[in-house]
Amino acid sequence: MLTAIVGINWGDEGKGRMVDLLSEKYDIVCRYQGGNNAGHTVVNERGKFILNLLPSGILRDSTINVMGPGMVIDVEHLFHEVENLRKGGITITPQHLKISHMATICMPYHKLLDCLEEDRLADKKFGSTRRGIAPVYSDKYMKKTIRMGDLLHPDYMKQKLVDIVEWKNLTVEGGYHHEPISADEMISWIETYAMPFRDYICNTTEFLGSAAHDGKKIMFEAQLGALRDIDFGIYPYTSSSSVIAAYAPIGAGIPYMRLDESIGIIKAYSSCVGEGPFTCELFGQDGDKLRKAGGEYGAATGRPRRVGGFDVVASRYGTLIQGATCLALTKLDILSYLEKIPVCVSYDINGVKTEKFPTGQDLDIAKPVYQYFDGWMTDISGCRNFEELPENAKKYIKYIQDKMECPIKYISVGPEREQYIEM
Ligand code: GDP
Ligand code: MG
């Protein structure tokens, strides 16, 4: 059984929370893309955890966690993430955590280049998390990166790194007039932060292939939402990675296998971190109240997220791109304070209304068409089955389900593990 848990929107839909809940039924949880630009919040009986690199299954002792070949790993960040979890009583051993020998290491100079470029762009900046993701993926496609498996051959790795640093300095020194990167410093950084993970390195093609063959259940955890996909998202305000479900078997190391299920995590309203077109955005008091109610501040960066009503146009597109076989609607409880619930039902592009998600300039100029639904104005965080929900909440859920043309299987009414309804 291969299941992907993916985001339908711009990210922060509550993927980590749903992976934590559903991973109970799975043997293995696998991250297949991205790096520590992700921020997944999990609240369970052991406490509150924010995971950037580790798969959210790490919080269950019985689950094996895999970091796949498609990932870019800042090993210094991983080192601290592991330390923090250990302090919180979480066991992390090579039995629990397997890191692909093909995964790419995100180096300190990738972070540096991310910052140098964002600063150069000034008011035209992309709103990067400044964690080196775009530079490291660029280098991957330039075929000039260190991979986890290189750590097993230190002399080979060092020579490769010296050559890469020489090439990188053409840009750092020559282009940005910044002081050059030192190869020695990079080697000692690798020794401090990467070498401790040598025993965790694994051929995930072999591991996952034989696990699947033995009938193990594997879950793939996406790092960002559909609209951040490098190809299908709001380019160039996207991530530099492929976040879509179809990529999961590739990024995990088993490109020859097919997904059985794609569970789309879809939020009851919209939020978006950083720059770029966000048609359904609400401003002023309406936006402030929703942001506050939803606690919309980035888990990875602490940045206030932009917010808006549920966006039918963007969400239909996200549901399609993710090939969602069912949906989990999250954060429905957040809307309980609203007398009238705003929903962006279509886009207006040069006076023409459309439900088709546009790209490029059309997306930049699109204006939201809002409709208002009656709210329920009562706390629903204690509801555990559909029948207990107020009529207006049921209507809202059914409306979204019809518009998405995809069954809603789970409804999340709070951040804690048990705060959900299964349909
Ligand atoms: P992810 O990146 O998709 O994993 O989502 P984040 O963790 O960045 O953001 C989701 C936030 O909403 C976290 O703080 C969660 O604890 C919280 N959350 C998730 N589901 C619900 C829900 O149904 N209700 C409420 N109130 N909070 C939720
Ligand atoms: Mg997040």
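The values are calculated or read from the model by the stated rules, or taken from the named source; none is laboratory data. Everything numeric here is computed off the predicted structure, so don't read it as measured data. Every residue, glycine as well, gets a Cβ built from its backbone with ideal geometry; the counts of neighbours run over all protein chains shown.
Annotations
- Among residues of segment 344-356, those that are surrounded by fewer than 22 Cβ atoms within 10 Å (Cβ to Cβ) and touching a residue at least 24 places away in the same chain (Cβ under 8 Å), counted: 5
- Among the residues of segment 259-282, the ones that are out of contact with any helix residue (DSSP H, G or I) (no Cβ under 7 Å at 6 or more places or on another chain), part of a loop (DSSP other than H, G, I, E, B) and over 25 Å from PHE126 (Cβ atoms) come to 1 in all.
- Sole residue being in the same structural domain as GLY225 (by TED's automatic domain parsing) and within 16 Å of ligand 2 (Cβ to nearest atom), chosen from ASN52, ASN44: ASN52
- Residues of segment 6-20 satisfying the condition of being in contact with a helix residue (DSSP H, G or I) (Cβ under 7 Å, 6 or more places away or on another chain), within 12 Å of ligand 2 (Cβ to nearest atom) and under 18 Å from ILE218 (Cα atoms): GLY7, GLY16, VAL19
- Tallying residues that are part of a helix (DSSP H, G or I) and of a type outside the set (A, V, I, L, M) within segment 297-346 yields 8.
- Total residues in segment 118-137, condition β-branched (Val, Ile, Thr) and in a helix (DSSP H, G or I): 2
- Among the candidates ALA393, ALA366, residue that is closer than 25 Å to ALA324 by Cα, of a type in the set (Gly, Ala, Ser) and either outside the structural domain of ALA328 (by TED's automatic domain parsing) or surrounded by 14 or more Cβ atoms within 10 Å (Cβ to Cβ) (or both): ALA393
- Selected residue (criterion: surrounded by the fewest Cβ atoms within 10 Å (Cβ to Cβ)) from residues of segment 97-116 that are in a helix (DSSP H, G or I) and out of contact with any Ser or Thr (no Cβ under 8 Å at 6 or more places or on another chain): PRO108
Yes or no, residue by residue, for (1) in a loop (DSSP other than H, G, I, E, B); (2) closer than 14 Å to CYS30 by Cα:
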site	(1), (2)
ILE181	yes, no
ASP184	no, no
ILE187	no, no
THR192	no, no
PHE197	no, no
LYS216	yes, yes
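- In segment 186-231, residue farthest from CYS106 (Cα to Cα) [restricted to those that are surrounded by fewer than 21 Cβ atoms within 10 Å (Cβ to Cβ) and under 16 Å from the mean Cα position of the chain (by Cα)]: ASP231
- Residues that are among the charged types (D, E, K, R), under 30 Å from VAL43 (Cα atoms) and more than 16 Å from ligand 2 (Cβ to nearest atom) do occur in segment 334-354.
- For TYR399, the conditions (1) under 21 Å from LEU290 (Cβ atoms); (2) part of a strand (DSSP E or B) are fulfilled apart from (2).
- Identity of the residue in segment 21-41, surrounded by fewer than 24 Cβ atoms within 10 Å (Cβ to Cβ) and within 14 Å of ligand 2 (Cβ to nearest atom), that ends up farthest from ARG417 (Cα to Cα): GLY39
- Residues of segment 195-243 that turn out to be within 26 Å of MET1 (Cβ to Cβ) and within 15 Å of ligand 1 (Cβ to nearest atom), as a count: 11
- In segment 75-92 there is no residue matching the filter, namely being away from ligand 2 (no atom under 16 Å from the Cβ), of a type in the set (Lys, Arg) and part of a loop (DSSP other than H, G, I, E, B).
- In segment 14-47, the qualifying residues are those that are among the charged types (D, E, K, R) and modelled with pLDDT of 95 or more, and the one that is nearest to the chain's Cα centre (by Cα) is ARG31.
- Restricting segment 282-296 to residues that are without any contact (Cβ under 8 Å) to a residue 40 or more places away in the chain and surrounded by 15 or more Cβ atoms within 10 Å (Cβ to Cβ), the residue that is nearest to ligand 2 (Cβ to nearest atom): ARG291
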